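Undergrad: Dropping the structure in here first, questions after.
Read-outs: derived from the displayed coordinates by stated rules, not from any lab. All values derive from a computational prediction rather than experimental measurement. Here the Cβ positions follow ideal geometry from the backbone for every residue, glycine too, while neighbour counts run over all protein chains shown.
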Amino acid sequence: MNPLPEVDDLLSRMGKDLLALVAQRNAGQHVALIGIHTGGAWLAERLHPMLGLTSPPGALNIHFHRDDFNRIGMHPHVQPSHLPFEVDGSLIILVDDVLYSGRTVRAALNEIFDYGRPAAVRLAVLVDRCGRELPIAADVVGARLELNPTDQVKLLGPSPLELSIKREYT
């Protein structure tokens, strides 16, 4: 199998694509960056200086909006979300490390709307892989990976950031 792409290279491409997206879609409204805890928050911290945004990046904890409590239970050390800006009327760039089923993004959207009503939400992901269960697509993608359904791709970090694949052999 080919080696995994370097996270820094993917972040550089994502930063350029996000700048173009914001320039195209921003009609003067406030632009804010939110990373989904933990990998998405690490990525948002790295993307933030590339975008030159005025407000600091936010971090979103989606544990209270997950739909799989019966299967995985509640994490014992859930931290609250931190959104240091006004959500109402803002263009939100939601950042996550891996887009797979779409369920994490669905939970993140529910959490964001608990804070207010943004003008729009755009999704940026480091890795997009097949296997959607919900009709969710990213606006900006670092890399698309086709993996076996039993494989897991994970962002390790926070420093350095690198991708890892855990193979499940049956």
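Undergrad: In nanometres, what is the gap between the two model label sites at GLU86 and CYS130, each 7 Å from Cα along Cα-to-Cβ?
TA: Going by the 7 Å Cα→Cβ label model, 4.5 nm.
Undergrad: Here's a follow-up. Using unit Cβ charges (K, R positive; D, E negative) and no other charged atoms, how large, in debye to the nearest 20, is the dipole of the chain about its Cα centre?
TA: Around 180 debye, computed over the chain.
Undergrad: In addition: What number comes out for the charge environment of ALA20, summing +1 per Lys or Arg and -1 per Asp or Glu over other residues with Cβ under 12 Å away?
TA: +2
Undergrad: Across 5 Å bins from the origin, how do the percents of Cα pairs in the range 1-42 run, short distances first?
TA: Pair shares across the bins are 5, 16, 19, 25, 17, 11, 4, 2, 1.
Undergrad: LEU19 label point, 7 Å along Cα→Cβ, cut-off 17 Å on backbone N: hits in the range 130-170?
TA: 140-142
Undergrad: Rounded to two decimals, what is the ratio between the C-alpha radius of gyration of the range 88-170 and 2.2 N^0.38 Å?
TA: Cα-based Rg divided by the globular estimate yields 1.21.
Undergrad: At 7 Å along the Cα-to-beta-carbon direction for both ASP114 and SER12, put a label point, then send me their distance in nm to one decimal.
TA: Result: 3.8 nm between the two label points.
Undergrad: Now, a different point. Given Cα positions, please report Rg to Rh for the chain, the hydrodynamic radius being the Kirkwood one.
TA: Expressed as Rg/Rh, it is 0.95.
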